[in-house]
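Worksheet: the structure to be examined is printed underneath.
Here, each number is a calculation from the coordinates, and none is a lab measurement. The structure presented is a predicted model; accordingly, all values stated were derived computationally and were not measured.
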Amino acid sequence: MAFSSKPYCFVILFVFLVSFDTLVRDVGAAGGACGRTPIRSAAASLSPCLGASRNARANVPPACCAKVGALIRTSPRCLCAILLSPLAKQAGIMPGVAISIPKRCNIRNRQAGKKCGRYTVP
């Protein structure tokens, strides 16, 4: 009796495709909060904020404040989606620290008291 690995290859391929489809949907859903801008691009635009998002005592660069202010004006839900995304976790961003950046930048229209996951905008 000969053993054929073809059926197993198809099963593995099927599982991979289903898993990949689920991953793409999750990333797409998070990107919906950022309008037509992919969440990866929106997150990359906030790269000047990286140091301030890891350390509550770090100075927030003016470039970061400008980017965050623009994002809050155009798509406030996008900022929350970025902070709670797997991308932020991979980058070592601490959401509890990062959520304080708008206040540290003295952004007036920062939606204080609004929830972002389990974090509250100060």
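With θ taken as phi - 60° and the coefficients 6.51, -1.76 and 1.60, list the Karplus ³J(HN,Hα) couplings across the range 43-55 in order, rounded to whole Hz; mark glycine and proline as x.
So the Karplus estimates, Gly and Pro as x, are 5, 4, 5, 9, 4, x, 8, 4, x, 6, 7, 10, 9 Hz.
What length, rounded to one decimal in nm, is gained on full extension from N109 through to K89, with 0.36 nm per residue of separation minus their alpha-carbon distance?
4.6 nm
Taking the alpha-carbon set of the range 74-122, what are its Rg and Dmax in Å?
For the range 74-122, the Cα radius of gyration and maximum Cα-Cα distance read 10.3, 30 Å.
Scan around C116 for amide H atoms under 5 Å from its own, H built in the peptide plane at 1.01 Å from N, and keep only partners 5 or more places away or cross-chain.
Distant-sequence amide H within range of C116: V121.
Residue-wise, which Karplus ³J(HN,Hα) couplings in Hz belong to the range 108-118, taking 6.51 cos²θ - 1.76 cosθ + 1.60, θ = phi - 60°, and x for glycine or proline?
Computed from phi, the couplings for the range 108-118 are 6, 8, 8, 6, 4, x, 6, 8, 9, x, 8 Hz.
For A56 and T74, calculate 0.36 nm times their separation in residues minus their Cα-Cα distance, and state this gained length in nm to one decimal.
On the way: separation 18, 0.36 × 18 = 6.48 nm, distance 2.50 nm.
Result: 4.0 nm gained on full extension.
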